[in-house]
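The values are calculated or read from the model by the stated rules, or taken from the named source; none is laboratory data. Treat the numbers as computed from the prediction; the structure is a model and nothing was measured. For neighbour counting, all protein chains shown are included, and Cβ atoms are generated from backbone atoms with ideal geometry for every residue, glycine included.
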Amino acid sequence: MASPTLICDTEPWKDLKNHVEEIKKSHLRNLMSDTERCKSMVAEFDGMLLDYSRQNATLETLNKLYQLAEAAHLKEKINRMYSGEHINSTENRSVLHVALRAARDAVINSDGKNVVPEVWKVLDKIQEFSEKVRSGSWVGATGKSLKDVIAVGIGGSFLGPLFVHTALQTDPEAIKSSRGRQLRFLANVDPVDVAKSIAGLNPETTLVVVVSKTFTTAETMLNARTLREWISAALGLIKISFIQNTQGFGKPSAVAKHMVAVSTNLTLVEKFGIDPNNAFAFWDWVGGRYSVCSAVGVLPLSLQYGFSVVEKFLKGASSIDQHFYSAPFDKNIPVLLGLLSIWNVSFLGYPARVSISAPDEQSCLTPRPWKNWLHTFNRHVSMESNGKGVSIDGVLLPFEAGEIDFGEPGTNGQHSFYQLIHQGRVIPCDFIGVVKSQQPVYLKGEVVSNHDELMSNFFAQPDALAYGKTPEQLQKENVPPHLIPHKTFSGNRPSLSLLLPTLSACNIGQVRGFLHLF
Ligand code: F6P
(Lines give C-alpha, C1' and ligand atoms only; values in the text may rest on other atoms or scores of the structure.)
Protein backbone atom coordinates (compact mmCIF):
# COMPACT_ATOMS: atom_id res chain seq x y z
CA MET A 1 0.00 0.00 0.00
CA ALA A 2 1.41 3.44 -0.93
CA SER A 3 2.24 5.63 2.07
CA PRO A 4 -0.25 8.40 2.71
CA THR A 5 0.74 11.85 1.49
CA LEU A 6 0.10 13.58 4.77
CA ILE A 7 0.97 12.41 8.26
CA CYS A 8 -2.45 13.55 9.50
CA ASP A 9 -4.07 10.88 7.29
CA THR A 10 -2.37 8.06 9.20
CA GLU A 11 -4.09 5.96 11.88
CA PRO A 12 -1.63 6.97 14.66
CA TRP A 13 -2.39 10.66 13.99
CA LYS A 14 -6.15 10.04 14.17
CA ASP A 15 -5.63 7.96 17.28
CA LEU A 16 -3.69 10.80 18.93
CA LYS A 17 -6.42 13.26 17.92
CA ASN A 18 -8.98 11.14 19.77
CA HIS A 19 -6.61 10.76 22.70
CA VAL A 20 -6.48 14.57 23.20
CA GLU A 21 -9.95 14.60 24.81
CA GLU A 22 -8.87 11.98 27.32
CA ILE A 23 -5.73 13.96 28.23
CA LYS A 24 -7.73 17.15 28.61
CA LYS A 25 -9.76 15.44 31.35
CA SER A 26 -6.61 14.73 33.35
CA HIS A 27 -4.68 17.14 35.58
CA LEU A 28 -0.92 17.10 36.10
CA ARG A 29 -1.59 16.97 39.85
CA ASN A 30 -2.98 13.47 39.33
CA LEU A 31 -0.55 12.44 36.60
CA MET A 32 2.38 13.36 38.86
CA SER A 33 1.11 11.06 41.61
CA ASP A 34 1.81 8.05 39.38
CA THR A 35 5.39 7.21 40.38
CA GLU A 36 5.90 4.62 37.66
CA ARG A 37 4.85 7.15 35.02
CA CYS A 38 7.25 9.79 36.41
CA LYS A 39 10.15 7.34 36.57
CA SER A 40 9.61 6.36 32.94
CA MET A 41 9.44 9.90 31.65
CA VAL A 42 13.12 10.60 32.07
CA ALA A 43 15.93 10.23 29.54
CA GLU A 44 19.64 10.50 30.22
CA PHE A 45 22.68 10.87 28.03
CA ASP A 46 26.27 11.59 28.97
CA GLY A 47 25.43 13.35 32.23
CA MET A 48 22.45 15.24 30.78
CA LEU A 49 19.01 14.56 32.10
CA LEU A 50 15.69 15.27 30.44
CA ASP A 51 12.65 15.07 32.74
CA TYR A 52 9.43 15.29 30.76
CA SER A 53 7.10 13.96 33.42
CA ARG A 54 5.40 17.35 33.68
CA GLN A 55 4.09 17.20 30.14
CA ASN A 56 0.34 16.79 29.61
CA ALA A 57 0.96 13.23 28.52
CA THR A 58 0.71 9.68 29.81
CA LEU A 59 2.72 6.60 28.92
CA GLU A 60 -0.12 5.81 26.52
CA THR A 61 0.39 9.19 24.83
CA LEU A 62 4.06 8.41 24.38
CA ASN A 63 3.34 5.01 22.85
CA LYS A 64 0.99 6.69 20.43
CA LEU A 65 3.68 9.25 19.59
CA TYR A 66 6.17 6.45 18.89
CA GLN A 67 3.59 4.91 16.57
CA LEU A 68 3.29 8.28 14.85
CA ALA A 69 7.07 8.35 14.43
CA GLU A 70 6.84 4.90 12.86
CA ALA A 71 4.07 6.02 10.52
CA ALA A 72 6.28 8.96 9.51
CA HIS A 73 9.09 6.44 8.78
CA LEU A 74 11.30 8.46 11.10
CA LYS A 75 13.93 5.75 11.61
CA GLU A 76 14.22 5.17 7.85
CA LYS A 77 14.49 8.91 7.30
CA ILE A 78 17.29 9.21 9.87
CA ASN A 79 19.13 6.34 8.14
CA ARG A 80 18.62 7.96 4.76
CA MET A 81 19.98 11.24 6.08
CA TYR A 82 23.12 9.63 7.54
CA SER A 83 23.72 7.66 4.34
CA GLY A 84 23.74 10.84 2.25
CA GLU A 85 20.54 10.30 0.28
CA HIS A 86 19.03 13.43 -1.23
CA ILE A 87 16.40 13.92 1.47
CA ASN A 88 16.31 17.66 0.73
CA SER A 89 13.93 17.07 -2.16
CA THR A 90 13.24 20.71 -3.01
CA GLU A 91 16.94 21.31 -3.71
CA ASN A 92 17.78 17.68 -4.57
CA ARG A 93 20.61 17.58 -2.03
CA SER A 94 21.97 15.48 0.80
CA VAL A 95 21.56 16.83 4.33
CA LEU A 96 24.87 16.03 5.96
CA HIS A 97 25.62 18.43 8.81
CA VAL A 98 26.56 15.30 10.81
CA ALA A 99 29.63 15.02 8.54
CA LEU A 100 30.80 18.46 9.71
CA ARG A 101 31.56 17.08 13.16
CA ALA A 102 32.37 13.47 12.30
CA ALA A 103 35.65 11.88 13.41
CA ARG A 104 38.53 12.19 10.95
CA ASP A 105 38.35 8.49 10.04
CA ALA A 106 34.54 8.37 9.61
CA VAL A 107 33.05 7.57 6.22
CA ILE A 108 29.97 9.57 5.19
CA ASN A 109 29.09 9.54 1.52
CA SER A 110 27.31 12.07 -0.61
CA ASP A 111 26.83 11.16 -4.27
CA GLY A 112 29.21 8.22 -3.88
CA LYS A 113 32.04 10.28 -2.37
CA ASN A 114 33.25 10.28 1.22
CA VAL A 115 32.92 13.93 2.30
CA VAL A 116 34.74 13.60 5.64
CA PRO A 117 38.29 14.16 4.22
CA GLU A 118 37.10 17.44 2.59
CA VAL A 119 35.58 18.52 5.90
CA TRP A 120 38.84 17.89 7.73
CA LYS A 121 40.86 19.64 5.03
CA VAL A 122 38.91 22.82 5.77
CA LEU A 123 39.09 22.27 9.54
CA ASP A 124 42.87 21.87 9.28
CA LYS A 125 43.08 25.04 7.21
CA ILE A 126 41.01 26.90 9.83
CA GLN A 127 43.21 25.60 12.61
CA GLU A 128 46.36 26.74 10.80
CA PHE A 129 44.96 30.15 9.87
CA SER A 130 43.43 30.89 13.26
CA GLU A 131 46.66 29.93 15.01
CA LYS A 132 48.61 32.26 12.71
CA VAL A 133 46.24 35.14 13.47
CA ARG A 134 46.10 34.45 17.20
CA SER A 135 49.88 34.04 17.53
CA GLY A 136 50.51 37.26 15.61
CA SER A 137 52.38 35.58 12.76
CA TRP A 138 49.62 36.78 10.39
CA VAL A 139 49.83 40.54 10.39
CA GLY A 140 47.68 43.25 8.91
CA ALA A 141 48.63 45.74 6.21
CA THR A 142 50.59 47.92 8.63
CA GLY A 143 52.40 45.02 10.22
CA LYS A 144 50.24 44.84 13.34
CA SER A 145 48.71 41.62 14.59
CA LEU A 146 44.93 41.25 14.34
CA LYS A 147 43.03 40.92 17.60
CA ASP A 148 39.45 41.79 16.67
CA VAL A 149 37.11 40.03 14.26
CA ILE A 150 33.86 41.21 12.68
CA ALA A 151 31.83 38.36 11.21
CA VAL A 152 29.46 39.65 8.52
CA GLY A 153 26.56 37.34 7.69
CA ILE A 154 22.83 36.88 8.20
CA GLY A 155 20.30 34.11 8.98
CA GLY A 156 22.05 30.76 9.26
CA SER A 157 25.34 32.47 8.54
CA PHE A 158 24.95 34.51 11.74
CA LEU A 159 22.57 33.10 14.35
CA GLY A 160 24.41 29.82 15.01
CA PRO A 161 27.83 31.42 15.52
CA LEU A 162 26.22 34.13 17.69
CA PHE A 163 24.55 31.48 19.87
CA VAL A 164 27.78 29.55 20.40
CA HIS A 165 29.74 32.75 20.99
CA THR A 166 27.38 33.95 23.72
CA ALA A 167 27.15 30.49 25.30
CA LEU A 168 30.94 30.06 25.35
CA GLN A 169 31.29 33.19 27.44
CA THR A 170 30.56 31.13 30.54
CA ASP A 171 33.29 28.59 29.87
CA PRO A 172 36.51 29.33 31.82
CA GLU A 173 38.75 27.87 29.12
CA ALA A 174 37.03 29.98 26.45
CA ILE A 175 37.19 33.08 28.66
CA LYS A 176 40.92 32.58 29.13
CA SER A 177 41.70 31.85 25.50
CA SER A 178 39.75 34.87 24.23
CA ARG A 179 41.34 37.41 26.58
CA GLY A 180 42.27 40.60 24.73
CA ARG A 181 40.27 39.63 21.64
CA GLN A 182 36.81 40.66 20.45
CA LEU A 183 34.38 38.90 18.14
CA ARG A 184 31.51 41.01 16.82
CA PHE A 185 28.74 40.24 14.36
CA LEU A 186 27.17 42.39 11.68
CA ALA A 187 23.92 41.11 10.17
CA ASN A 188 21.33 43.86 9.82
CA VAL A 189 21.84 46.63 7.26
CA ASP A 190 20.82 49.41 9.63
CA PRO A 191 23.66 51.98 9.63
CA VAL A 192 23.43 51.96 13.42
CA ASP A 193 24.44 48.29 13.39
CA VAL A 194 27.33 49.02 11.06
CA ALA A 195 28.47 51.83 13.33
CA LYS A 196 28.18 49.60 16.41
CA SER A 197 30.15 46.82 14.77
CA ILE A 198 33.17 49.05 14.14
CA ALA A 199 32.87 51.36 17.15
CA GLY A 200 36.19 51.56 18.94
CA LEU A 201 37.90 49.13 16.56
CA ASN A 202 41.05 49.97 14.70
CA PRO A 203 41.04 48.76 11.07
CA GLU A 204 44.76 48.06 11.44
CA THR A 205 44.08 45.31 13.99
CA THR A 206 40.73 44.06 12.68
CA LEU A 207 39.93 41.07 10.50
CA VAL A 208 36.59 40.93 8.66
CA VAL A 209 35.14 37.49 7.94
CA VAL A 210 32.43 37.58 5.28
CA VAL A 211 30.16 34.58 5.80
CA SER A 212 27.69 33.72 3.07
CA LYS A 213 26.83 30.37 1.58
CA THR A 214 25.78 31.93 -1.73
CA PHE A 215 27.87 35.13 -1.54
CA THR A 216 24.89 36.90 -3.08
CA THR A 217 22.71 37.69 -0.04
CA ALA A 218 21.87 41.39 -0.35
CA GLU A 219 22.34 42.38 3.30
CA THR A 220 25.64 40.54 3.69
CA MET A 221 27.10 41.87 0.46
CA LEU A 222 26.10 45.44 1.32
CA ASN A 223 27.68 45.19 4.77
CA ALA A 224 30.76 43.47 3.32
CA ARG A 225 31.20 46.30 0.80
CA THR A 226 30.83 48.89 3.58
CA LEU A 227 33.50 47.20 5.68
CA ARG A 228 35.74 46.78 2.62
CA GLU A 229 35.48 50.54 2.21
CA TRP A 230 36.23 51.04 5.92
CA ILE A 231 39.39 48.94 5.58
CA SER A 232 40.46 50.41 2.24
CA ALA A 233 39.82 54.01 3.25
CA ALA A 234 42.00 53.58 6.30
CA LEU A 235 44.66 51.23 4.98
CA GLY A 236 44.34 51.03 1.22
CA LEU A 237 47.28 53.30 0.46
CA ILE A 238 49.89 51.02 1.90
CA LYS A 239 53.48 50.85 0.71
CA ILE A 240 54.07 48.04 -1.77
CA SER A 241 56.42 46.28 0.68
CA PHE A 242 53.44 45.34 2.81
CA ILE A 243 51.81 43.44 -0.04
CA GLN A 244 52.76 39.88 0.76
CA ASN A 245 50.47 38.16 -1.71
CA THR A 246 51.10 39.04 -5.33
CA GLN A 247 47.52 38.12 -6.23
CA GLY A 248 46.48 41.12 -4.17
CA PHE A 249 48.43 43.47 -6.45
CA GLY A 250 46.24 46.02 -8.20
CA LYS A 251 43.51 45.59 -5.58
CA PRO A 252 43.51 47.46 -2.30
CA SER A 253 46.30 45.51 -0.62
CA ALA A 254 44.78 45.85 2.81
CA VAL A 255 41.75 43.78 1.80
CA ALA A 256 43.92 40.72 1.24
CA LYS A 257 45.24 40.97 4.78
CA HIS A 258 42.09 42.14 6.55
CA MET A 259 39.24 40.30 4.82
CA VAL A 260 38.61 36.56 4.50
CA ALA A 261 35.50 34.65 3.45
CA VAL A 262 33.43 31.57 4.20
CA SER A 263 31.35 30.45 1.26
CA THR A 264 30.37 27.71 -1.15
CA ASN A 265 30.81 30.21 -4.00
CA LEU A 266 34.55 30.74 -4.29
CA THR A 267 34.24 32.42 -7.72
CA LEU A 268 32.22 35.30 -6.25
CA VAL A 269 34.58 35.50 -3.27
CA GLU A 270 37.48 36.18 -5.63
CA LYS A 271 35.44 38.64 -7.68
CA PHE A 272 34.74 40.58 -4.50
CA GLY A 273 38.49 41.05 -4.02
CA ILE A 274 39.17 38.50 -1.32
CA ASP A 275 42.20 36.30 -1.94
CA PRO A 276 40.80 32.81 -2.75
CA ASN A 277 43.60 31.38 -0.58
CA ASN A 278 41.86 33.09 2.31
CA ALA A 279 38.48 31.56 1.53
CA PHE A 280 37.12 28.71 3.62
CA ALA A 281 34.76 26.41 1.79
CA PHE A 282 31.65 24.54 2.76
CA TRP A 283 29.20 22.56 0.70
CA ASP A 284 25.69 22.61 -0.71
CA TRP A 285 24.74 19.70 1.57
CA VAL A 286 25.00 22.05 4.59
CA GLY A 287 21.69 23.80 5.25
CA GLY A 288 21.83 27.40 6.57
CA ARG A 289 20.34 26.57 9.97
CA TYR A 290 22.80 23.68 10.40
CA SER A 291 25.90 25.49 9.20
CA VAL A 292 27.42 26.57 12.54
CA CYS A 293 29.56 23.41 12.58
CA SER A 294 31.04 24.30 9.16
CA ALA A 295 33.53 27.11 8.57
CA VAL A 296 30.53 29.44 9.08
CA GLY A 297 30.90 29.01 12.84
CA VAL A 298 34.24 27.26 13.20
CA LEU A 299 36.32 30.04 11.61
CA PRO A 300 35.12 33.08 13.59
CA LEU A 301 34.87 31.06 16.80
CA SER A 302 38.38 29.60 16.36
CA LEU A 303 39.76 33.08 15.78
CA GLN A 304 38.18 34.19 19.05
CA TYR A 305 38.63 31.13 21.27
CA GLY A 306 41.22 28.95 19.54
CA PHE A 307 40.55 25.83 17.53
CA SER A 308 40.89 23.45 20.49
CA VAL A 309 37.88 25.02 22.25
CA VAL A 310 35.78 24.86 19.08
CA GLU A 311 36.82 21.26 18.53
CA LYS A 312 35.24 20.41 21.89
CA PHE A 313 32.01 22.04 20.73
CA LEU A 314 32.12 19.91 17.56
CA LYS A 315 32.76 16.75 19.60
CA GLY A 316 29.73 17.54 21.78
CA ALA A 317 27.51 17.91 18.72
CA SER A 318 28.96 14.70 17.29
CA SER A 319 28.14 12.77 20.47
CA ILE A 320 24.48 13.75 20.01
CA ASP A 321 24.66 12.60 16.38
CA GLN A 322 25.64 9.12 17.63
CA HIS A 323 22.91 9.20 20.27
CA PHE A 324 20.27 10.39 17.80
CA TYR A 325 21.29 7.69 15.33
CA SER A 326 21.40 4.74 17.70
CA ALA A 327 19.26 5.32 20.82
CA PRO A 328 15.78 3.79 20.87
CA PHE A 329 13.12 6.47 20.53
CA ASP A 330 12.01 6.24 24.17
CA LYS A 331 15.58 7.11 25.27
CA ASN A 332 16.46 9.42 22.39
CA ILE A 333 16.53 13.03 23.61
CA PRO A 334 16.25 14.80 20.19
CA VAL A 335 13.44 12.44 19.16
CA LEU A 336 11.57 12.92 22.46
CA LEU A 337 11.91 16.71 22.23
CA GLY A 338 10.62 16.60 18.66
CA LEU A 339 7.65 14.36 19.44
CA LEU A 340 6.65 16.39 22.50
CA SER A 341 6.83 19.55 20.46
CA ILE A 342 4.46 18.05 17.85
CA TRP A 343 2.15 16.88 20.65
CA ASN A 344 2.00 20.35 22.21
CA VAL A 345 1.67 22.31 18.98
CA SER A 346 -0.31 20.14 16.60
CA PHE A 347 -2.50 18.18 19.03
CA LEU A 348 -2.92 20.21 22.22
CA GLY A 349 -2.92 23.43 20.19
CA TYR A 350 -0.36 25.39 22.21
CA PRO A 351 1.21 27.77 19.68
CA ALA A 352 4.13 28.99 21.79
CA ARG A 353 6.91 27.64 23.96
CA VAL A 354 9.09 29.45 26.45
CA SER A 355 12.64 28.50 27.42
CA ILE A 356 13.85 29.50 30.83
CA SER A 357 17.46 28.98 31.74
CA ALA A 358 19.03 28.70 35.16
CA PRO A 359 22.79 29.34 35.56
CA ASP A 360 25.23 30.27 34.20
CA GLU A 361 23.54 33.63 34.28
CA GLN A 362 25.04 35.35 37.26
CA SER A 363 28.09 36.59 35.45
CA CYS A 364 27.10 40.20 35.91
CA LEU A 365 30.04 40.57 38.27
CA THR A 366 32.54 39.35 35.71
CA PRO A 367 34.29 42.08 33.76
CA ARG A 368 33.03 40.87 30.40
CA PRO A 369 30.52 42.33 28.00
CA TRP A 370 27.77 39.90 28.86
CA LYS A 371 24.91 38.84 26.72
CA ASN A 372 22.63 36.01 27.61
CA TRP A 373 23.06 32.82 25.62
CA LEU A 374 19.37 31.98 25.89
CA HIS A 375 18.33 35.01 23.89
CA THR A 376 20.35 33.72 20.98
CA PHE A 377 19.31 30.10 21.64
CA ASN A 378 15.65 30.72 20.85
CA ARG A 379 16.34 32.69 17.72
CA HIS A 380 18.69 30.02 16.45
CA VAL A 381 17.99 26.56 17.83
CA SER A 382 14.24 26.54 17.66
CA MET A 383 13.00 29.47 15.58
CA GLU A 384 15.44 29.72 12.68
CA SER A 385 13.76 28.78 9.40
CA ASN A 386 11.08 26.71 11.11
CA GLY A 387 7.34 26.83 10.51
CA LYS A 388 6.66 25.47 7.07
CA GLY A 389 3.01 25.33 6.06
CA VAL A 390 3.35 22.52 3.52
CA SER A 391 4.46 18.89 3.64
CA ILE A 392 7.66 17.69 1.99
CA ASP A 393 5.56 16.96 -1.11
CA GLY A 394 4.24 20.51 -1.18
CA VAL A 395 0.77 19.67 0.12
CA LEU A 396 -0.82 22.36 2.31
CA LEU A 397 -0.87 21.22 5.96
CA PRO A 398 -4.38 21.17 7.41
CA PHE A 399 -3.00 21.52 10.95
CA GLU A 400 -0.81 23.98 12.85
CA ALA A 401 2.94 23.43 12.68
CA GLY A 402 5.89 25.40 14.07
CA GLU A 403 6.20 27.19 17.35
CA ILE A 404 6.65 30.72 18.59
CA ASP A 405 9.61 30.47 20.92
CA PHE A 406 10.82 32.98 23.40
CA GLY A 407 12.78 32.90 26.61
CA GLU A 408 14.48 34.62 29.48
CA PRO A 409 17.34 33.77 31.78
CA GLY A 410 16.60 32.59 35.29
CA THR A 411 14.26 34.59 37.42
CA ASN A 412 14.09 37.48 34.92
CA GLY A 413 11.04 35.72 33.52
CA GLN A 414 9.42 35.82 36.96
CA HIS A 415 9.36 39.61 36.70
CA SER A 416 8.24 39.56 33.10
CA PHE A 417 5.93 36.87 31.73
CA TYR A 418 5.38 34.46 34.67
CA GLN A 419 1.91 35.84 35.33
CA LEU A 420 1.04 34.88 31.80
CA ILE A 421 2.41 31.36 32.01
CA HIS A 422 0.89 30.64 35.43
CA GLN A 423 -2.52 32.27 35.02
CA GLY A 424 -2.95 33.38 31.42
CA ARG A 425 -2.35 31.36 28.29
CA VAL A 426 -0.99 27.85 28.48
CA ILE A 427 2.59 28.04 27.17
CA PRO A 428 4.69 24.90 27.58
CA CYS A 429 7.96 25.76 29.33
CA ASP A 430 11.40 24.28 28.81
CA PHE A 431 13.59 24.77 31.86
CA ILE A 432 17.29 24.44 31.10
CA GLY A 433 19.69 24.32 34.02
CA VAL A 434 23.27 23.39 34.80
CA VAL A 435 24.37 21.37 37.81
CA LYS A 436 27.63 23.18 38.29
CA SER A 437 28.09 26.87 37.68
CA GLN A 438 31.28 27.70 35.87
CA GLN A 439 31.08 31.28 36.99
CA PRO A 440 30.90 31.12 40.80
CA VAL A 441 30.68 34.60 42.24
CA TYR A 442 33.03 35.26 45.15
CA LEU A 443 32.47 38.03 47.65
CA LYS A 444 34.92 38.35 50.53
CA GLY A 445 36.40 35.01 49.54
CA GLU A 446 33.08 33.13 49.86
CA VAL A 447 30.98 31.74 47.03
CA VAL A 448 27.65 33.59 47.11
CA SER A 449 24.47 31.58 46.87
CA ASN A 450 23.26 32.76 43.44
CA HIS A 451 23.56 29.33 41.87
CA ASP A 452 21.57 27.65 44.65
CA GLU A 453 18.86 30.27 44.44
CA LEU A 454 18.53 29.92 40.71
CA MET A 455 18.47 26.15 40.96
CA SER A 456 15.76 26.26 43.67
CA ASN A 457 13.74 28.25 41.19
CA PHE A 458 14.62 25.75 38.45
CA PHE A 459 13.14 22.92 40.55
CA ALA A 460 10.22 24.83 42.08
CA GLN A 461 8.71 26.44 39.00
CA PRO A 462 7.87 23.24 37.08
CA ASP A 463 5.99 21.99 40.15
CA ALA A 464 4.21 25.30 40.63
CA LEU A 465 3.09 25.21 37.00
CA ALA A 466 1.99 21.59 37.25
CA TYR A 467 0.23 21.64 40.61
CA GLY A 468 -1.03 25.21 40.77
CA LYS A 469 -2.63 26.58 43.89
CA THR A 470 -6.29 26.11 44.81
CA PRO A 471 -8.57 28.60 46.63
CA GLU A 472 -8.76 26.07 49.51
CA GLN A 473 -4.98 26.08 49.91
CA LEU A 474 -4.98 29.87 49.89
CA GLN A 475 -7.73 29.99 52.53
CA LYS A 476 -5.62 27.75 54.75
CA GLU A 477 -2.76 30.18 54.27
CA ASN A 478 -5.06 32.96 55.57
CA VAL A 479 -5.02 34.86 52.30
CA PRO A 480 -7.73 37.60 52.49
CA PRO A 481 -10.81 36.52 50.48
CA HIS A 482 -10.59 39.41 48.00
CA LEU A 483 -7.05 38.32 47.03
CA ILE A 484 -7.87 34.65 46.56
CA PRO A 485 -8.86 34.90 42.86
CA HIS A 486 -5.67 36.83 42.19
CA LYS A 487 -3.49 34.20 43.80
CA THR A 488 -5.24 31.11 42.46
CA PHE A 489 -3.30 29.18 39.85
CA SER A 490 -5.07 26.44 37.98
CA GLY A 491 -1.87 24.42 37.42
CA ASN A 492 -1.89 21.66 34.79
CA ARG A 493 0.61 23.68 32.76
CA PRO A 494 3.17 21.54 30.99
CA SER A 495 6.93 21.91 31.23
CA LEU A 496 10.06 19.88 30.80
CA SER A 497 13.42 20.19 32.48
CA LEU A 498 16.79 19.67 30.89
CA LEU A 499 19.70 19.50 33.29
CA LEU A 500 23.25 19.77 31.94
CA PRO A 501 26.38 19.02 33.95
CA THR A 502 27.90 22.42 33.07
CA LEU A 503 27.79 24.85 30.18
CA SER A 504 31.12 23.76 28.73
CA ALA A 505 32.02 23.92 25.02
CA CYS A 506 31.15 20.22 24.76
CA ASN A 507 27.74 20.66 26.46
CA ILE A 508 26.98 23.63 24.22
CA GLY A 509 27.72 21.38 21.24
CA GLN A 510 25.37 18.78 22.69
CA VAL A 511 22.55 21.29 23.13
CA ARG A 512 23.15 22.44 19.57
CA GLY A 513 23.09 18.80 18.43
CA PHE A 514 19.50 18.49 19.65
CA LEU A 515 18.50 20.58 16.66
CA HIS A 516 17.98 17.47 14.54
CA LEU A 517 14.27 17.50 15.28
CA PHE A 518 13.85 20.27 17.80
O1 F6P B 1 16.83 33.50 4.26
C2 F6P B 1 17.30 32.29 4.67
C3 F6P B 1 18.69 32.01 4.15
O4 F6P B 1 18.67 31.60 2.84
C5 F6P B 1 19.34 30.96 5.05
O6 F6P B 1 19.10 29.68 4.66
C7 F6P B 1 20.77 31.38 5.05
O8 F6P B 1 21.39 30.91 6.18
C9 F6P B 1 20.67 32.88 5.02
O10 F6P B 1 19.53 33.15 4.25
C11 F6P B 1 21.88 33.59 4.49
O12 F6P B 1 22.26 33.11 3.22
P13 F6P B 1 23.77 33.11 2.77
O14 F6P B 1 24.55 32.29 3.72
O15 F6P B 1 23.77 32.54 1.38
O16 F6P B 1 24.23 34.54 2.76
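Observations on the structure shown:
- Of the residues making up the stretch 73-96, those that are in a loop (DSSP other than H, G, I, E, B) and not polar (S, T, N, Q) number 8.
- Residue in the stretch 258-271 that is nearest to E118 (Cα to Cα), counting only those that are away from the ligand (no atom under 13 Å from the Cβ) and out of contact with any strand residue (DSSP E or B) (no Cβ under 7 Å at 6 or more places or on another chain): T267
- Count - residues of the stretch 279-293 that are more than 9 Å from the ligand (Cβ to nearest atom), small (G, A, S) and within 14 Å of the chain's Cα centre (by Cα): 0
- Within the stretch 163-175, at least one residue is within 16 Å of the ligand (Cβ to nearest atom) and in contact (Cβ under 8 Å) with a residue 40 or more places away in the chain.
- Against the numbered list (1) under 18 Å from D405 (Cβ atoms); (2) of a type in the set (S, T, N, Q); (3) surrounded by 24 or more Cβ atoms within 10 Å (Cβ to Cβ), S294 comes up short only at (1).
- Against the conditions (1) small (G, A, S); (2) on the phi > 0 side of the Ramachandran plot; (3) surrounded by fewer than 18 Cβ atoms within 10 Å (Cβ to Cβ); (4) in contact (Cβ under 8 Å) with a residue 12 or more places away in the chain, S145 satisfies every one except (2).
- Count of the stretch 1-47 residues which are over 28 Å from L498 (Cβ atoms) and β-branched (V, I, T): 2
- Flag if A106 is in contact with a helix residue (DSSP H, G or I) (Cβ under 8 Å, 6 or more places away or on another chain), more than 16 Å from the ligand (Cβ to nearest atom) and of a type in the set (A, V, I, L, M, F, W, C): yes
- Scanning the stretch 294-312 finds no residues that are aromatic (F, W, Y) and within 15 Å of the ligand (Cβ to nearest atom).
- Test: residue in the stretch 171-192 that is farther than 28 Å from T216 by Cα, under 24 Å from the mean Cα position of the chain (by Cα), surrounded by 24 or more Cβ atoms within 10 Å (Cβ to Cβ) and of a type in the set (S, T, N, Q): no
- For the stretch 325-339, filtering for residues that are touching a helix residue (DSSP H, G or I) at 6+ places or on another chain (Cβ under 9 Å) and either polar (S, T, N, Q) or within 16 Å of C506 (Cβ to Cβ) (or both) leaves 2.
- For the stretch 21-72, a residue qualifies if it is part of a helix (DSSP H, G or I) and among the hydrophobic types (A, V, I, L, M, F, W, C), and the qualifying residues are I23, L28, L31, C38, L59, L62, L65, L68, A69, A71.
- All conditions in (1) basic (K, R); (2) modelled with pLDDT of 95 or more; (3) part of a loop (DSSP other than H, G, I, E, B) hold for K315, with the sole exception of (3).
- Whichever residue in the stretch 182-198 is more than 16 Å from the ligand (Cβ to nearest atom) and among the small types (G, A, S) and, among such residues, is nearest to S294 (Cα to Cα): S197
- Answer residue from the stretch 199-213, given it is within 16 Å of the ligand (Cβ to nearest atom) and either assigned to a strand (DSSP E or B) or modelled with pLDDT of 95 or more (or both) and is farthest from D284 (Cα to Cα) among those: V208
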